[in-house]
Amino acid sequence: MLQTQASLEALLVKAYQRTLALAAMQAMATTAALKVLATTALSHHRSHLNLFNHSVEALGGQQQTSPDPRYESLLTGQLTQLAKMSPENATSGVVELAITLESVAAETYVKNGPAFSSGRAREATASVTGIEAQHVAALRALQAIQKALPAPTLSFGADAGRALPASAGDVGFPNAFYETSLASPADEGAVR
Amino acid sequence: MSRGEEATGGPVSRGEAGPGEGWKNARLADGSHNRGTSRRAVLLGTAGAVAGGLALSACTSTSNEPLPTTTTAGTIPNGTPTRGEKVAALGASLENLAVYAYDEGLKAAQLTKGAASSPPGLPLLVQTARDHHAQHAARWNQLLASARLPPVTNPDPAVAPAVNAMLAGISDWLGLAQLALYLESTLAQTYQAAVGTLGPVPAAAEIAATIQPVEMEHAAILYLVMGRYPGTQGAVSDNYSSGEALAFSPLGLARSVNDYPGA
């Protein structure tokens, strides 16, 4: 399970690296908040990858540095499509893609966390789960703002706080209990 | 606010300034704002915890015994509750406290002069989070019922003083948001600790694992409406209210099951 979690982190690192390099993300002044979010999430996922791999090694296993194979092909296809889109559509697509991949990671950790027999693995996973959930919540809020404003120029700050529409105050948390339907199987990202 | 800070809040007295429309609509849309734990219950819960701690009953959770028909304020029956059951009781009490705090905080914020300047998304955020907490409390009590333990209907007595002090200090929407952030961070970190320390796959760990990220989501959007990066940040010294975005959820505000009377 830890190797699968490492593979999901490697996937997210690759996803944010590639999406931040898209021409749309480089060119648009309107994506300041999205860039901050993506850059911060990229840094977080690098740290998570290191933590999971150190935990694997401490338990006598082999590090996993390759992206999750199930979603890597999806990512490659999506990146190709995003590169062909208008800047506005591309940035919306980046948010949608990030929500999907972050949700897979968060739901996998919700499912895995209590299942580890190793206390170290449980603690490591629990320390990461909520951060991924916050990435998803922030992305959903950004998506709501993008839909409400034709050309959002906001950065995180008072403007963003006021840009979240009244009807979207709950957009970041659609359920009272976190779902696990997207959770990856335990051995999906195992080193083979 | 530090853990264990003494209660300073008496009944909150407010002026008659009208609430903003967003606040009013959020309250009207719910129709359930009187369901929550009352301020009196919180204050009694704090006092009752002391009494309950001194007079613990000898209930056990064997299936041959009838369920207790009353709930001792702030306690679970003394006997041999499992660690998971202790976590369930602690979780229910913290969720009850959150329901109470959101109900009272909404009322307080509605009556401030600055209510109309609230960020548009905040009323629905607070109302939805409040409803989530009521569902979380019910889930914990369901687990307690399955172990033939009485429901915990009172708020956490150890955290209530700090919450009452923050409630008494609410003078605008930001005060409500800061109170909410403190509660969400406390809840999330308590559940994170539970997942880490409970053994593999007891029911309580699974419940904690499905609730913890939801509290983190609440916190993320609270940060956003407060004009900050939407993620846990800073340090326990200021209740994680500002600073660098953290890559790992901290545990500085986590409550121990040993904090809970009778546990």
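Looking only at segment A:136-192, filter to residues that are part of a helix (DSSP H, G or I) and polar (S, T, N, Q); which one of those is nearest to B:L122 (Cα to Cα)?
Going residue by residue through segment A:136-192, those that are part of a helix (DSSP H, G or I) are A:136-148, A:158-163, A:166-168.
Keeping just the survivors that are polar (S, T, N, Q) gives A:143, A:146, A:167.
Details: A:Q143: 17, A:Q146: 18, A:S167: 10 Å.
The extreme case among them is A:S167.
Please count how many residues of segment A:118-144 are more than 8 Å from chain B (Cβ to nearest Cβ), touching a residue at least 40 places away in the same chain (Cβ under 8 Å) and not charged (D, E, K, R).
First pass over segment A:118-144, keeping only residues more than 8 Å from chain B (Cβ to nearest Cβ): A:118, A:120-121, A:124, A:139-140, A:142-144.
Retained after the next criterion (residues that are touching a residue at least 40 places away in the same chain (Cβ under 8 Å)): A:118, A:120-121, A:124, A:139-140, A:142-143.
Next, from what is left, pick out any that are not charged (D, E, K, R): A:118, A:121, A:124, A:139, A:142-143.
Total meeting the criteria: 6.
Among the residues of segment A:35-46, is any of a type in the set (S, T, N, Q), in a helix (DSSP H, G or I) and over 18 Å from the mean Cα position of the chain (by Cα)?
No, segment A:35-46 contains no residue that is of a type in the set (S, T, N, Q), in a helix (DSSP H, G or I) and over 18 Å from the mean Cα position of the chain (by Cα).
Filter segment B:209-240 for residues that are hydroxyl-bearing (S, T, Y) and either more than 9 Å from every other protein chain (Cβ to nearest Cβ) or outside any helix (DSSP H, G or I) (or both) and give the result.
If the condition is that a residue be hydroxyl-bearing (S, T, Y) and either more than 9 Å from every other protein chain (Cβ to nearest Cβ) or outside any helix (DSSP H, G or I) (or both), then B:Y229, B:T232, B:S237, B:Y240 are the ones that fit.
Considering only segment B:241-259, state which residues are more than 9 Å from chain A (Cβ to nearest Cβ), among the hydroxyl-bearing types (S, T, Y) and either buried (at least 18 other Cβ atoms within 10 Å of the Cβ) or at positive phi (or both).
B:S241
Residue-wise test of (1) more than 12 Å from chain A (Cβ to nearest Cβ); (2) among the β-branched types (V, I, T); (3) within 13 Å of B:G105 (Cβ to Cβ); (4) free of Cβ contacts under 8 Å to residues at least 24 places away in the same chain.
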| residue | (1), (2), (3), (4) |
| --- | --- |
| B:L122 | no, no, yes, no |
| B:L125 | no, no, yes, no |
| B:A145 | yes, no, no, no |
| B:T153 | yes, yes, no, no |
| B:V159 | yes, yes, no, no |
| B:D172 | yes, no, yes, no |
| B:A188 | no, no, no, no |
| B:P200 | no, no, no, yes |
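Which numbered condition in (1) over 25 Å from A:K147 (Cβ atoms); (2) without any contact (Cβ under 8 Å) to a residue 12 or more places away in the chain is the only one that A:T40 fails?
The one condition A:T40 does not meet is (1).
Hey, among B:P119, B:P155, B:P123, which residue is farther than 30 Å from A:G161 by Cα and in contact with a helix residue (DSSP H, G or I) (Cβ under 8 Å, 6 or more places away or on another chain)?
B:P155
Conditions tested, residue by residue: (1) among the aromatic types (F, W, Y); (2) modelled with pLDDT of 95 or more; (3) out of contact with any helix residue (DSSP H, G or I) (no Cβ under 7 Å at 6 or more places or on another chain).
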residue: A:S43; (1), (2), (3): no, yes, yes
residue: A:N50; (1), (2), (3): no, yes, yes
residue: A:T65; (1), (2), (3): no, yes, no
residue: A:S92; (1), (2), (3): no, no, no
residue: A:E107; (1), (2), (3): no, yes, yes
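If A:A115 passes every condition in (1) within 18 Å of the chain's Cα centre (by Cα); (2) more than 24 Å from A:G172 (Cβ to Cβ) but one, which one does it miss?
Failed condition: (1).
If you scan segment B:201-240, which residues turn out to be hydroxyl-bearing (S, T, Y) and either farther than 22 Å from A:D170 by Cα or in contact with a strand residue (DSSP E or B) (Cβ under 8 Å, 6 or more places away or on another chain) (or both)?
B:Y223, B:Y229, B:T232, B:S237, B:Y240
The values are calculated or read from the model by the stated rules, or taken from the named source; none is laboratory data. None of these values were measured; they are calculated from a predicted model. Cβ coordinates were reconstructed from backbone atoms using ideal geometry, including for glycine residues, and neighbour counts include every protein chain displayed.
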